[in-house]
Amino acid sequence: MNQVHIIGGGLAGTEAAWQLAEAGVQVRLSEMRGSGDMTPAHQTDGLAELVCSNSFRSDDAEKNAVGLLHQEMRDLGSIIMSEGDAHRLPAGSALAVDRDHFSAGVTQRLSDHPNIEIVRERIDQLPESGLTIVATGPLTAMTLAESIGAATGEDSLAFFDAIAPIAYKDSIDMDIAWMQSRWDKVGPEGDGKDYINCPMNKAQYDAFIQGLLDGEKTDFKEWEKNTPYFEGCMPIEVMASRGPETLRFGPMKPVGLTNAHTGESAYAVVQLRQDNALGTLWNMVGFQTKLKYGAQAELLKTIPGLENAEFARMGGLHRNTFINAPKLLDTEMRLKKAPHIRFAGQITGCEGYVESAAVGLMVGRMVAAEIKGEIFPYPPQTTAFGALLSHITGGADARDYQPMNVNFGLFPPFEQRVKKKERKEAYTARARTDFAEWYRPLASKGLQPA
Ligand SMILES: Cc1cc2nc3c(=O)[nH]c(=O)nc-3n(C[C@H](O)[C@H](O)[C@H](O)COP(=O)(O)OP(=O)(O)OC[C@H]3O[C@@H](n4cnc5c(N)ncnc54)[C@H](O)[C@@H]3O)c2cc1C
């Protein structure tokens, strides 16, 4: 009986393990946390830990590419989506989750599965034989990263990703802050009052921007100096350095919000989103930062409502590793030089929790099909799965390969002209039709979720 070795129990590794196990394949899942090792961003031994935001982003499957990806994953029996749905928190149209309950749910279901053996161990070398999935993520342990480099003959690529601070709710002054979702949008579980909002006037905003520019930053090591930031997760001080108004048009935008205490609009607003089911922890939306802890604490207290705030976690910055997937992997995510090894998750150059899990799901299914002597039918590029896989295995120029969230720019354009305001719905409608067509033979071959 074939056993598949999955290295890394994060978003991608757990999803791949689940898909294989549900297809009747035995899995050994090696996770180094819990064996005395830790990454610089993880804080627990739980599988599928969310290292920063607790959001899976938009859950709108009609107008948003990541919402569409959620739906496709649900259709294929994703454990990440089912546990995400089970531990959902109010967050307007976004899918936010209680990170601890979510991780505990995934860990429990994998531990209970008769086809999965979870081993707490660090793997330092790529295995020389046996079907393997490497899903060690952006913070792959150094020794394994070196082994991957030796096997591929290439240095890994890298970029910087930053973490936003998390505050204790009872330390936020609600006589100054107020609860409201932008445009009072009511999402599932919500009531149009899902976010905490902290208002700023112009003088406070200007002083805050200056504080960001002046605050002491974490130093880069010499070899990190040419590493770029991921655009979707830019530190606030880097945004501020692009111009004083950048944050007011970004995470601090005041539109769609009215101060419930004064009835006025603020010049800028800092939002916090619920981070756990108890409602005791709140995550600062879009506030990832690389300011040193002391400078952060000092500056965040200048935000009205946060004067006495206490933080469960401060912001931080981490170097993320990924491989040049379009060059090194074939279309089935196999390492061309060692085809018994597949890669999944963020190490392949997708970006985000959902995308990483989606790639894990696809790779799990590819391996299951290979073991059963089936041909894995490649998802059409018009679907979110297909668009994402195509970006990784060939859609992007290997000379300038960069991590990417799923977005409609990865989908093939329409042959006929579609009006701009109808385009998003047109992409998702086409995707749903093509997905159903692709999925039908899969279901008849028994590759559907159990
Ligand atoms: C600082 C930072 C902030 C981020 N913020 C966000 C965010 O806000 N929103 C978002 O959507 N995405 C965010 N990301 C991206 C997020 O980490 C990934 O999208 C997602 O967790 C990647 O899933 P993965 O399974 O590929 O890797 P991970 O979830 O990181 O899982 C990899 C697992 O492999 C284990 N491992 C590593 N090396 C070894 C080894 N040698 N042997 C055994 N086990 C090993 C690790 O312990 C880890 O559990 C952030 C990433 C970082 C680093």
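Quick note: the coordinates plus some simple rules give every number you see, no bench work behind them. Note that the coordinates shown come from a computational prediction; the quantities given were computed from them, not determined experimentally. Positions of Cβ are backbone-derived with ideal geometry, glycine not excepted, and every protein chain shown enters the neighbour counts.
Can you give the FRET efficiency to the nearest 0.05 for K336 and R440, using r as the Cβ-Cβ distance and R₀ = 25 Å?
Working: r = 31 Å, r/R0 = 1.25.
Taking R0 as 25 Å, the efficiency between K336 and R440 is 0.20.
State the extension gain, in nm to one decimal, for the chain segment bounded by T280 and R319, taking 0.36 nm per residue of separation less the distance between their alpha-carbons. Could you put the intermediate results ahead of the total?
Details: separation 39, 0.36 × 39 = 14.04 nm, distance 2.96 nm.
Result for the pair: 11.1 nm of gain on full extension.
Quickly work out the K372-to-D214 label distance, labels modelled 7 Å from Cα along the C-beta direction, and quote it in nm with one decimal.
For D214 paired with K372, the spin-label model returns 6.4 nm.
Would you list which aspartates and glutamates come within 13 Å of K327, measuring only between C-alpha atoms, while excluding same-chain residues fewer than 8 positions from it?
In chain and number order, the partners are E154, D155, D397, D400.
Give me the lysines in straight-line cross-link reach of K185: C-alpha distance below 29 Å, same-chain residues under 8 apart excluded.
Excluding near neighbours in sequence, the set is K63, K169, K193, K202, K253, K301, K419, K420, K421, K424.
Zone of N308 (label point 7 Å along Cα→Cβ, backbone N under 13 Å): which residues in segment 170-197?
Zone members listed by number: 170-176.
Could you pull out which residues in segment 88-105 have an amide N less than 16 Å from a spot 7 Å beyond the Cα of A260, following the Cα-Cβ vector?
Backbone N within reach: 90-92.
In nm, give the distance between the simple-model label positions of A150 and D112, each being 7 Å from the Cα along the Cα-to-Cβ direction.
Each label point lies 7 Å from its Cα, and together they span 4.2 nm.
Could you pull out every one of the lysines with an alpha carbon less than 17 Å from that of K372, ignoring same-chain neighbours closer than 8 positions?
Partners found: K445.
Radius of gyration and Dmax for segment 162-316's Cα atoms, expressed in Å?
Using the Cα atoms of segment 162-316, the pair Rg, Dmax is 15.4, 51 Å.
For R74 and M38, compute 0.36 nm times the residue count separating them, minus their Cα-Cα distance, and round to one decimal in nm.
On the way: separation 36, 0.36 × 36 = 12.96 nm, distance 3.04 nm.
Using 0.36 nm per residue and subtracting the Cα-Cα distance, I get 9.9 nm.
Extending each Cα 7 Å along its Cβ direction at F414 and A297, get the distance between those two points in nm, one decimal.
Those two pseudo-labels are separated by 5.5 nm.
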